[in-house]
Each structure stands twice: as C-alpha cells, then as structure tokens.
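For reference, the structure discussed in these notes is given below.
Throughout, read-outs are computed from the coordinates displayed, never taken from laboratory work. Small disclaimer: the values here were computed from a predicted structure and weren't measured. Virtual Cβ from ideal backbone geometry, glycine too; neighbours counted across all protein chains shown.
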Amino acid sequence: MDDVVRCPECSNELKQGYIFSPRRICWSDSPDSIFADFGSETLIGDALLKVKKTPALRCEECNLVIFKHKKNNDIK
C-alpha cells in the first residue's frame, strides 16, 4: 500500500512536519493589506509560554503548505 501523500497542485510527494509561530495565524477573504487583524478569523492562536506546533504537509516544489486547524470560539 502506498502511504505517500501527494501535492494536489503538482503531484510531488509532500513532506510531513510542523508549522509554528509565536504569533497567531489568521485568515482573511480579502487580499488587501491591513494594520491590525481585528475581525480576522484566527486559525492558530498566540503562544503564551510555549509555542505550539501544528502538524502540516509541505510541497518543496510548489511551496504549498497544508494543515488542519481547530475551531476555537474563545480566540478573537
């Protein structure tokens, strides 16, 4: 059985690893630049004492990164 995960854009093998940031990672439907992230959807919250790592898949060919985020209603 083939356990290799392929990139949905270029079909190359995806590398398993983790993404992390001491700051939050947010989502916006708009490409416009902003000064503050008020009203944006937070996908991964700010680090308090320890930076949390989130499992991810990365295509080194086309620079696509795929990760699942947890919906957290406490994060604004």
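Suppose the chain between VAL51 and VAL65 were pulled fully straight at 0.36 nm per residue; how much longer would it get relative to their current alpha carbon spacing? Don't jump to the answer; show the numbers that get you there.
Numbers: separation 14, 0.36 × 14 = 5.04 nm, distance 1.88 nm.
Full extension from VAL51 to VAL65 adds 3.2 nm.
Treating only the Cβ of Lys, Arg, Asp and Glu as charged (+1, +1, -1, -1), what charge dipole size does the chain show about its Cα centre? Round to the nearest 20 debye. Provide the component values of the computation, followed by the final result.
Values: 12 positive and 12 negative charges, 103 e Å.
For the chain, the charge dipole is close to 500 debye.
Assign one of three labels to segment 1-69, namely rounded, prolate or oblate, based on the Cα gyration tensor with a ≥ b ≥ c the square roots of its eigenvalues; rounded applies when a/c is under 1.5, prolate when it is not and a/b is larger than b/c, and oblate otherwise.
On the way: a/c = 3.04, a/b = 1.61, b/c = 1.89.
The shape class here is oblate.
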